[in-house]
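Since every read-out is calculated from the coordinates, none of them should be taken as a lab result. These figures come from a predicted structure and were not determined experimentally. Cβ atoms come from the backbone with ideal geometry, glycine included; neighbour counts cover every protein chain shown.
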Amino acid sequence: MAPTDETSQVPRQESPPGTAAPIRPPADERAVPGARMPRWLPRAMVLALALIAAFQLGSWAFHQLTGLLTNVLIAFFLALAIEPAVSRMAARGMRRGLATFLVFLGLMIVAAGFVTLLSSMLAGQIIKMAEGFPDYLDSVISWINTTFHTDLRRVDVQDSLIHSAWLKKYVQNSATGVLDVSAQVLGGLFRLLTIALFSFYFAADGPRLRRALCSVLPPARQAEVLRAWEIAVDKTGGYLYSRGLMALISGVAHYVLLASLGIPYAPVLAVWVGLVSQFIPTIGTYLAGALPMLIAFAVEPWYAVWVLVFVVVYQQFENYMLQPKLTARSVDIHPAVAFGSVIAGTALLGAVGALIAIPAVATLQAFLGAYVKRYDVTDDPRVHGHRTGAPGGLTARLRRLFPG
């Protein structure tokens with residue numbers, strides 16, 4: 001009987017004399033007759049490709065709709081801010097749509113008045129600078145001639161400026177950039193219209209929106225959603241109203257200072273300081289004070305110093321006296337948390353994130369505070385920052401080394 005292979009039980013043929021034996025692959029590498037691809041592998045490949053395609057499509061759609069989602073978020077917070085006023089007017093028998101329209105009309109009148117006053121102030125300053133430019137140029141030319149013993153004339157300087165290559169290039173670039181500026185202005189107006197439209201619908205149809213949202217949730221979840229909505233309305237409205245009141249107080253205080261110093265456009269500058277200082281947290285006061293300081297410096301350099309001193313002193317008064325009393329019930333968050341939330345909001349959504357960061361964090365803090373269980377803090381000196389000497393610490397070791 002011919003010898004057989006132990007693994008396959010197939011008779012093994014002997015090689016002819018003088019020839020090398022054929023090399024056979026290992027048993028685990030031999031092809032198994034009749035082997036097929038697992039049935040689940042094609043389905044898994046199709047499912048994986050479908051998930052990758054869905055992820056790519058969702059990512060592309062999200063990036064395309066980022067602007068719209070940002071506008072909807074701004075509109076939602078604006079609707080939350082005017083919700084108390086609209087609800088109060090609707091409770092007195094006024095239709096909710098009419099109440100929302102009146103609130104928006106008042107906001108538009110205030111915004112248009114502020115923009116008009118600020119534009120007139122800037123236009124007046126530009127005209128004043130343009131009228132005084134020849135005298136300023138004469139003084140500069142006179143100083144150069146006296147210092148460097150030159151013979152410059154204003155006519156020669158003006159001719160060289162008019163016929164210079166950089167001025168022609170600047171005019172060409174400015175003419176080209178007019179279209180870009182016009183497109184940006186139209187885009188900004190369209191964005192404002194979109195935000196106003198969404199916020200109007202959110203505020204006017206607030207009850208209907210809440211009913212539609214609660215209709216897809218079980219009763220227990222409905223109560224939580226309504227509670228979160230109420231907290232968001234209270235915190236957002238309270239934040240904006242408290243900031244508006246502080247803006248009014250700040251504007252009046254700065255108006256008194258600017259008017260007493262004889263600074264031009266004191267009412268417009270006071271409104272500017274009040275709004276910018278309150279709606280740009282932490283550093284808004286110093287940014288807002290830069291414009292009145294610049295105009296005061298143009299009138300009298302010492303007036304700019306007085307404005308700077310007043311801005312710093314008023315900031316301290318606002319931080320330690322005024323703000324804690326006005327925002328204790330509306331937005332009670334730590335200043336460090338507020339500053340961090342503003343930085344995070346700016347990194348995520350830019351200027352929009354900086355504006356809505358504090359009410360969003362206050363809403364989240366209040367919502368978590370309603371559900372997080374708190375305990376009484378033990379009466380331990382370490383809670384108040386007092387360190388206690390532990391046995392075997394550095395003091396004890398020094399005493400053992402140096403007794404007496």
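Can you figure out the FRET efficiency of Asn145 with Lys169, using R₀ = 30 Å and their beta-carbon distance, to the nearest 0.05? Mind dumping the intermediate values first?
Details: r = 29 Å, r/R0 = 0.98.
Efficiency computed from Cβ-Cβ geometry: 0.55.
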- Message: Take Val305 and Asp156, extend 7 Å from each Cα along the Cα→Cβ direction, and tell me the distance between the two endpoints in nm.
- Response: 4.0 nm
- Describe numerically, in nm with one decimal, the distance between label points set 7 Å from Cα along Cα→Cβ at Leu137 and at Leu41. 8.3 nm
- For q = 0.10, 0.14, 0.20 Å⁻¹, what log10 I(q)/I(0) does the stretch 220-372 give under the Debye formula with an equal point scatterer on each alpha carbon and no solvent? -0.41, -0.72, -1.18
- Extension length gain for Val252 and Leu294 (0.36 nm per residue less Cα distance), in nm, is 13.2 nm
- Query: Can you list the residues of the stretch 197-237 with backbone N under 20 Å from a point 7 Å past the Cα of Ala54, pointing along Cα to Cβ?
  - Reply: none
- Looking at the square roots a ≥ b ≥ c of the eigenvalues of the Cα gyration tensor of the stretch 172-279, which shape do they give, rounded for a/c under 1.5, prolate if a/b is larger than b/c, or oblate? oblate
